1. Which value in Å is the Kirkwood Rh of the stretch 1-42 over different Cα pairs?
2. Counting only helical runs of four or more DSSP H residues, what would the 222 nm mean residue ellipticity of the chain come to if each run contributes -39,500 (n - 2.57) and the total is spread over all its residues?
3. Sort largest first and round to whole Å: the equivalent ellipsoid semi-axes of the stretch 56-189, each the square root of five times a Cα gyration tensor eigenvalue.
4. With each label point set 7 Å from Cα along the Cα-Cβ vector, what nm distance links residue 34 and residue 177?
5. Using Cα atoms only, what is the angle between the long axis of helix 172-182 and the major principal axis of the chain, expressed in degrees (0 to 90) to the nearest 10?
6. What ranking, highest mean first, results for peptides 10-23, 147-160 when packing means the other Cβ atoms within 10 Å averaged over each residue?
7. Treat the count of other C-beta atoms within 10 Å as a stand-in for reagent exposure and order 132, 138 from fewest to most.
8. If you take every DSSP beta bridge whose two residues both sit in the chain, what share of them, in percent to the nearest 5, is antiparallel?
C-alpha cells in the first residue's frame, strides 16, 4: 500500500485518541459539577446553623481522660469533624486538619469522630499523625444526632454549643472557610 494511506490511517487514529481524551475530560468535569451539587445539598442537611447542638460527651479512643463536651466547660469553641477511615476524601481531610490545626489551635478545640471500630480509629490516628487532638469513635450515634449524611463533614460550634458554620471539609481551603465562617467578625478582622 501507499505511504499516504498509512499516514492518513495513523492520523485518523490519532484524532480518535484525542477525541477520547476530550470526552474523558468532559465527563470528569460533569462529575465535579455533580459533586458540588451534592455537597451543597449535604451542607443543608442535619442541624442548622444557629441551632444549639445536643449535649454530648466524647472520650478519646486512647486516652479516656481526654474529654470533649458540649457545651464546652473551658469556654472555647469546638471544630468537630466526622470521617470514615476508608474514605479517600477523609484521608485528604486528615492532611488538611494537620495543616490548619496549628494555625487555629489557639482559637478552638478540635475533635474528629470516626464511624469505625476502635482498632481502625487507632490505626487512622497513627497513619495520619492526628496525635494531639481528640479522636473519638461514634459509638453513641452522634453523627445521626447531627444529621451527618456524608463525610468528611465539619461543624464549628461556639462556646455556648451553637453551630456557627458547617460543611464538607476535604481540603485545606474548605476547613479554613469553616473556621472563618464560624468565628465572630471581630476575631477574623483583628
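Values quoted throughout were computed directly from the atomic coordinates according to the rules given, and no laboratory measurement underlies them. Bear in mind the structure is a predicted one, so any value in this text is a computation, not a measurement. Positions of Cβ are backbone-derived with ideal geometry, glycine not excepted, and every protein chain shown enters the neighbour counts.
1. 12.7 Å
2. Mean residue ellipticity, 222 nm, calculated: -15500 deg cm²/dmol.
3. 21, 17, 14
4. It works out to 2.1 nm between the two label points.
5. The angle comes out near 40 degrees.
6. Packing order, densest peptide first, comes out as 147-160, 10-23.
7. Ordered by Cβ neighbours within 10 Å, fewest first: 132, 138.
8. In the chain, approximately 60 percent of DSSP beta bridges are antiparallel ones.
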